[in-house]
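Peer 1: Shown below is the structure under consideration.
Nothing in this text is a laboratory measurement; each read-out follows from the coordinates by a stated rule. Source: prediction; values computed, not measured. Neighbour counts are summed over all protein chains in view; Cβ atoms, including those assigned to glycine, are modelled from backbone coordinates with ideal geometry.
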Amino acid sequence: MQDSNWLVDPSRRGTLTGVGTEATETDKQVLRSLGEKLAAVAALPVQAETASKWRAMNGLRHVKPMVWIDEVPWHEMDVEDELRLQTTSEWSRYHEWELRKLIYQWEHMPADMVVEPVVYSPLVVHNTAFGIAEDVDIAVTDEANTVVSRHFNIQIRDEDDLEKIKVPVVTHDSGASEQQYEQLTEILSGVIDVKKLGANGFCFWFAPWDEMIRWWGVQEALVDLYDRPELVHKAIDRLVNAYLSMLDQFEEQNLLTLNNTYFRIGSGGLGYTDELPQPDYDPAHVRAKDLWGSAAAQIFSDVSPRMHWEFSLQYELRWMSRFGLTYYGCCDPLHRKMGILEKVPNLRKVSMSPWVNLDEAVANMGDRYVFSHKPNPAVFAETTWNLGKARHELETVLDKAKAHGCVVEVIMKDISTLRYEPHRLWEWAQMASELTERYGD
C-alpha cells in the first residue's frame, strides 16, 4: 500500500510500505520498456535548455513566463490505453503509474516540463503524524475522482483538547528502502539511473491552518481569532512546534533530498536554481537550509494582514526560516498581503491565485518575487470548451504583469474535471506555450 503518513499533506505522493518488491518477468519487461522511453525523452537537448530557463526565472531574471501543469484529473485522461496499467504486483504498478504519467504528459501537454534521466525509489519512512485525524463527512459526485466535498466534525473545542495534538515520531525502514532501491536498479540497469528519494521540500507542504481547521472547524476557528485569541495562539504554537520536531527528525536521520531540480516547490513550479544548496553543503547529509521550503494559510483569505501576521505568518516564519529559499501561498488571494510577506527574508516566489485583484497584484509584486500565476481551472469544466476564452484570460494577466516588470510563472493546477475531454488540457498547454514565448525579453 502507499503510505503517505510521512508527508505533511496526506494527498501527496508517499512511499511504498507494507509491500514486498515482487515483480513478474512481465512486470519487469513493462517497467524496463517504460524506462527506455523515458530515457529517450530525457536525452533530448531541450531538457537542458528548459531547465536553464527555470533557473533564470527562479533567479528573478526576465525570461519567458514558464508554464507547468499539475494536479490533473488522471482518471479522465486515458486515450488509447496509454495509462492502462499492465503490471500485476502492487510495487510494480506504483512505479508503472509514475512512469506512464510522465511519458503521457510529455507527449500530450509538456508545456515547460523537464524530464530528467532518473527514476526515483522513495525511502520507506513511517510517521505517527499528529495524533489526531480528521473526522469528516464526504460528498462524492464522481466515484472516480479524488476531489470530493468534505464536512469536518469538530474535535477541538477548548484548551484541554489541544493535548490531542502530538509530536510526530519519524522512523526509517532502511532495509525496506534498500530492498526496493536494489530491485528497481536491477530492472532498469543500463537503461536509466535510479536514485533514492527522501523528503524534498514539496513533501513538507507546510500549511498548519489547513490541518487546524479540519479539527477545529472553519467558521469556529475564524470566530475564535477574535473571541478566544489566546487559545488560538496556544493551538498554532503547539502544532508548529510539532512540525518543527518532525523536520528535525528528518534532518537528523538524513532523510532529506535536494529539490533544486525537477521538483515542484510549494503550489508553484519547478525548483531549478543555482542558489541552492548552500556553499557549505555536504552531499552526504542534506539539511533543510539546502532546500526550498514553502508555507500557506488558505483559510486566511479574508483575514486582515494584521491578523494574518499575528495568527499565521509569524508562526510560519519559524518554519520558512529553516530553508534556503521559500514559496508562499496557494489558493489564497495575497495581493494585499505583500506588506507582511516582505518580513520573510528568504521569500522568492508568491502564489497569485485566480482570486487576486490583478492590478493590485502586479503593482505590489513588481520584480521583487516570482509572480506565480494560477489561471482559473474552471474554464475546463464548462459545457462547451472555449480555448479563446482561456487564451484571453492568460493574455490579460501576461500583459499587465509585463507592464510592471513582473517575473512570471504560469501554473495550471487544481483541475477537478475536463468533462472527460483530455484534449482540452492538451490544447491549453499548446496555447500557453505559444503565448508565453511572446513575453520573453
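Peer 1: In nm, give the distance between the simple-model label positions of LYS195 and HIS285, each being 7 Å from the Cα along the Cα-to-Cβ direction.
Peer 2: Modelled inter-label distance: 2.1 nm.
Peer 1: Please order THR383, THR26 by the number of other Cβ within 10 Å, starting at the fewest. Spell out each step's value before the answer.
Peer 2: Values: THR383 6, THR26 12.
Going from sparsest to densest Cβ surroundings: THR383, THR26.
Peer 1: Once you put a point 7 Å from the Cα of ASP274 and another 7 Å from the Cα of GLU421, both along the Cβ direction, what distance in nm separates them?
Peer 2: Distance between the two pseudo-spin positions: 4.5 nm.
Peer 1: Counting other beta carbons within 10 Å of each Cβ, put SER174, SER416, SER312 in order, fewest first.
Peer 2: Values: SER174 12, SER416 17, SER312 25.
Ascending Cβ contact count within 10 Å gives the list SER174, SER416, SER312.
Peer 1: At 222 nm, what value in deg cm²/dmol follows for the chain if DSSP H runs of at least 4 each add -39500 (n - 2.57) and the sum is divided by all its residues, to the nearest 500? It would help to have the intermediate numbers written out before the result.
Peer 2: Numbers: 13 runs with 161 residues, N = 441.
Per the formula, -11500 deg cm²/dmol.
Peer 1: Dipole magnitude of the stretch 163-293 about its Cα centre, charges +1 at Lys/Arg Cβ and -1 at Asp/Glu Cβ only, in debye to the nearest 20?
Peer 2: For the stretch 163-293, the charge dipole is close to 300 debye.
Peer 1: Still on this structure, please answer the following. Using Cα positions and a limit of under 27 Å, work out the lysines in reach of LYS164, with same-chain residues fewer than 8 apart set aside.
Peer 2: LYS234
Peer 1: Let me ask you something else. For VAL167 and VAL46, what does the FRET efficiency come to when R0 = 56 Å and r is the distance between their Cβ atoms, rounded to the nearest 0.05?
Peer 2: Numbers: r = 46 Å, r/R0 = 0.82.
Calculated value: 0.75.
Peer 1: Compare ASP135, ASP280, ASP161 in a GNM of the chain, Cα atoms joined below 10 Å, and give the one with the largest fluctuation.
Peer 2: Comparing ASP135, ASP280, ASP161 in the GNM, the peak value goes to ASP280.
Peer 1: Hey, what do the phi angles of the stretch 116-129 turn into as Karplus ³J(HN,Hα) couplings, whole Hz, using 6.51/-1.76/1.60 and θ = phi - 60°, x for Gly and Pro?
Peer 2: 9, x, 7, 10, 9, 10, x, 5, 8, 10, 10, 9, 6, 6
Peer 1: Let me ask something else. Quick one: what are the phi-derived ³J(HN,Hα) couplings along the stretch 207-222, Karplus 6.51/-1.76/1.60 with θ = phi - 60°, whole Hz, x for glycine and proline?
Peer 2: 9, x, 6, 4, 6, 4, 5, 5, 9, 9, x, 5, 4, 4, 5, 5
Peer 1: While we're on this one: Under unit Cβ charges (Lys, Arg +1; Asp, Glu -1), what dipole magnitude, rounded to 20 debye, does the chain have relative to its Cα centre?
Peer 2: Working: 44 positive and 69 negative charges, 236 e Å.
I would put it at about 1140 debye.
Peer 1: Efficiency by 1/(1 + (r/R0)^6): what FRET value for GLU178 and ALA403, r their Cβ-Cβ distance, R0 = 45 Å, to the nearest 0.05? Don't jump to the answer; show the numbers that get you there.
Peer 2: On the way: r = 54 Å, r/R0 = 1.20.
According to the calculation, E is roughly 0.25.
Peer 1: Still on this structure, I have one more. Can you figure out the FRET efficiency of HIS392 with GLN219, using R₀ = 41 Å and their beta-carbon distance, to the nearest 0.05? Could you put the intermediate results ahead of the total?
Peer 2: Details: r = 36 Å, r/R0 = 0.89.
So the FRET efficiency works out to roughly 0.65.
Peer 1: Here are labelled values, (1) 1.88; (2) 0.95; (3) 0.99, and one is the computed Rg/Rh (Cα atoms, Kirkwood Rh) for what I pasted. Which one?
Peer 2: So the calculated entry is the one marked (2).
Peer 1: Which of the pairs LYS64/LYS343; LYS101/LYS289; LYS28/LYS413; LYS53/LYS374; LYS337/LYS400 have their Cα atoms more than 24 Å apart in this structure? The partial results should precede the final answer.
Peer 2: On the way: LYS64/LYS343 28 Å; LYS101/LYS289 31 Å; LYS28/LYS413 33 Å; LYS53/LYS374 19 Å; LYS337/LYS400 19 Å.
With Cα atoms farther than 24 Å apart: LYS64/LYS343; LYS101/LYS289; LYS28/LYS413.
Peer 1: Let me ask something else about it. Pick from VAL191, VAL136, VAL124: which is most flexible by mean-square fluctuation in a GNM of the chain where alpha carbon atoms under 10 Å apart are linked?
Peer 2: Between VAL191, VAL136, VAL124, it is VAL136 that shows the largest mean-square fluctuation.
Peer 1: Which of ASN58, ASN346, ASN259 moves the most in a Gaussian network model of the chain with Cα springs under 10 Å?
Peer 2: Maximum among the listed residues: ASN346.
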